[in-house]
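Pasting a structure below so you can have a look.
The values are calculated or read from the model by the stated rules, or taken from the named source; none is laboratory data. As the structure is a prediction and not an experimental result, all values here were calculated from the model. Glycine gets a Cβ as well: all are built from the backbone with ideal geometry, and neighbour counts include every protein chain shown.
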There are 2 protein chains.
Amino acid sequence: MAVRTIDVRERVMARNDELAARVRERLLQAGVTALNLVSSPGSGKTSLLERTLAALDRELGIAVITGDVRTQNDADRLERHTTRLVHAVVTGGACHLDAMQITAALDAIDLEATRLLFIENVGNLVCPASWDLGEVAKVVVFSVTEGEDKPLKYPKMFQMSRYAVLNKIDLLPHLDFDVDAAIANARAVNPDLEFFLTSARTGEGLDRWLDFVREAAAPVGR
Amino acid sequence: MAVRTIDVRERVMARNDELAARVRERLLQAGVTALNLVSSPGSGKTSLLERTLAALDRELGIAVITGDVRTQNDADRLERHTTRLVHAVVTGGACHLDAMQITAALDAIDLEATRLLFIENVGNLVCPASWDLGEVAKVVVFSVTEGEDKPLKYPKMFQMSRYAVLNKIDLLPHLDFDVDAAIANARAVNPDLEFFLTSARTGEGLDRWLDFVREAAAPVGR
C-alpha cells in the first residue's frame with residue numbers, strides 16, 4: 001500500500017510539473033516575472049509584501065496571489081496597499097499552493113498590466129519546496145527569531161530557492177542570533193543563494209530589496 | 001484521479017489512527033503520559049524541552065522522541081540535558097511524524113523507567129495536526145514574534161491542541177504584539193485551550209509550565 005501511495009503521489013507531482021511548465025511559458029510570453037515567496041508562518045512575508053506594494057505598486061504593475069490554509073487574512077492586509085485585486089487562494093487544509101490553483105488565478109489577472117507577480121505561498125518550510133508553481137525563482141523568507149539552524153533543518157526549501165530574505169533584523173540587539181552563522185548554514189546547503197537582510201517593520205535594508213524587485217520586473221520577454 | 005488520491009489518503013490515515021490507538025493503550029498500560037509538541041519552525045520547542053529536561057529529568061523519568069525532516073540536530077541539543085537516550089526520527093522529507101514511527105521508537109524506550117514521553121514533532125503548523133501519535137494531548141507552541149493571527153490562519157492545529165505555550169515573551173517589549181488578542185484568537189477557534197506564557201530563554205513563566213509537566217507525569221495508569 002505504501003508503494004501505491006507513492007505511485008499516486010508521483011503522478012500528482014508529474015501533473016503539477018506539467019501545469020507549472022505551462023504557467024511558466026504563459027508568463028514568459030506575457031513578460032511577467034513571477035516570484036514564489038516561501039517561509040514558515042510568521043516570518044514576515046505579508047509585511048514584506050505590504051512594504052513592497054506601498055513602495056512600488058504605482059511604479060510597477062504588481063499582481064499578487066496569496067495562499068492560505070483557511071483564511072484570506074493576508075489578501076485583506078495586502079489589498080490596503082494596492083488598487084489591484086489580490087487573488088486569495090484558500091487551500092482547504094493543504095500545506096502548499098499548486099500549479100492548478102495558479103493557472104486558475106491567472107485567468108483573473110490582467111497580465112497585460114502586470115510586470116511582476118508575487119505568489120505568497122502557505123506558511124510552511126516543508127511542503128511548498130516540492131511544488132513548482134511556474135515561478136522564475138523561489139524566495140525563502142526567514143526571520144532572525146527562528147534560529148540559525150533552520151537552513152540545515154529544512155534544507156530542501158533553501159536548495160530550491162534562489163534568493164533568501166533574512167527578516168526582522170531590527171530584533172537582533174535583543175537576540176542571541178548569529179547572522180554570519182545563519183548565512184553560512186544557508187550557503188552550506190545552497191552556495192548560490194543571494195541574501196537580503198531586512199526589517200519589514202522599520203524599513204531597514206529594504207532599499208536593496210526594492211532595487212532587486214525593480215530589476216526583476218524589468219521587461220525581458222516582450 | 002483526485003478521488004483516488006483521497007481514497008488512498010483516507011486508508012493511510014485510518015491505518016495511522018489504528019496504530020495510534022495501540023500506542024495510546026500501550027502507554028496507558030505502562031503508566032506513561034505522552035505529550036505531542038507541535039509548532040512552526042523556530043518557535044522554541046527544543047529550547048523549552050532543554051529547560052524542562054534540565055529542571056525535571058532527575059525528578060521524573062522523561063523520554064523524548066524528536067522528529068526532523070533531515071537532521072537530528074534537536075536530539076543532539078536535548079541529549080546534553082539528560083542521561084537517557086533521545087530518539088531521533090528523521091522523516092525523510094515528510095512534514096510530520098506518524099504513529100508507525102512512534103511504535104518503532106517505543107521499542108527502544110525503557111517504558112518501566114518512564115513516566116513522561118515528550119514527542120517533539122516536525123516544525124510545521126499544518127501537517128502534524130492531522131496525525132494522531134497516541135499522545136494524551138497535543139501542546140501547540142507559538143512565539144510572540146509570529147503575529148497574533150496564527151491561530152486564525154492555522155485553526156486546525158489550535159483546535160486539535162489541548163494546551164498552548166506562547167513563547168519568547170522576553171521579546172514583548174520590542175514587538176507590537178498583543179498578547180490578549182493572540183489568546184482571544186486562539187480561544188475563538190478552541191475555547192478549551194489552556195495557556196502558558198513562557199520565555200525558554202530567560203526562564204520567565206517556566207514555573208507554571210514545570211508544575212504542569214510534573215502533574216502530567218503523576219502516575220495514573222498503574
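Given (1) out of contact with any Asp or Glu (no Cβ under 7 Å at 6 or more places or on another chain); (2) touching a residue at least 24 places away in the same chain (Cβ under 8 Å); (3) part of a loop (DSSP other than H, G, I, E, B), where does A:Thr71 come up short, assuming only one miss?
Result: A:Thr71 fails condition (2) only.
Test each condition in (1) free of Cβ contacts under 8 Å to residues at least 60 places away in the same chain; (2) within 9 Å of another protein chain (Cβ to nearest Cβ) for A:Arg187 and report the one that comes out false.
(2)
Out of the residues in region A:130-147 meeting the condition of being within 9 Å of chain B (Cβ to nearest Cβ) and touching a residue at least 60 places away in the same chain (Cβ under 8 Å), tell me which one is nearest to A:Val32 (Cα to Cα).
Residue satisfying both the conditions and the ranking: A:Ser130.
Still on this model: Of a type outside the set (Lys, Arg), modelled with pLDDT of 95 or more and either under 13 Å from the mean Cα position of the chain (by Cα) or surrounded by 21 or more Cβ atoms within 10 Å (Cβ to Cβ) (or both) - does that describe any residue in region B:173-182?
There is at least one residue in region B:173-182 that is of a type outside the set (Lys, Arg), modelled with pLDDT of 95 or more and either under 13 Å from the mean Cα position of the chain (by Cα) or surrounded by 21 or more Cβ atoms within 10 Å (Cβ to Cβ) (or both).
Any idea how many residues of region A:100-121 are under 21 Å from A:Ala137 (Cβ atoms), aliphatic (A, V, I, L, M) and not in a strand (DSSP E or B)?
Selection size over region A:100-121: 6.
Among (1) modelled with pLDDT under 95; (2) in contact with a strand residue (DSSP E or B) (Cβ under 9 Å, 6 or more places away or on another chain); (3) charged (D, E, K, R), where does B:Glu135 come up short?
In the conditions (1) modelled with pLDDT under 95; (2) in contact with a strand residue (DSSP E or B) (Cβ under 9 Å, 6 or more places away or on another chain); (3) charged (D, E, K, R), B:Glu135 misses (1) alone.
Restricting attention to region A:23-32, does a residue exist that is in contact (Cβ under 8 Å) with a residue 12 or more places away in the chain and touching a Lys or Arg at 6+ places or on another chain (Cβ under 6 Å)?
Yes, that holds for at least one residue.
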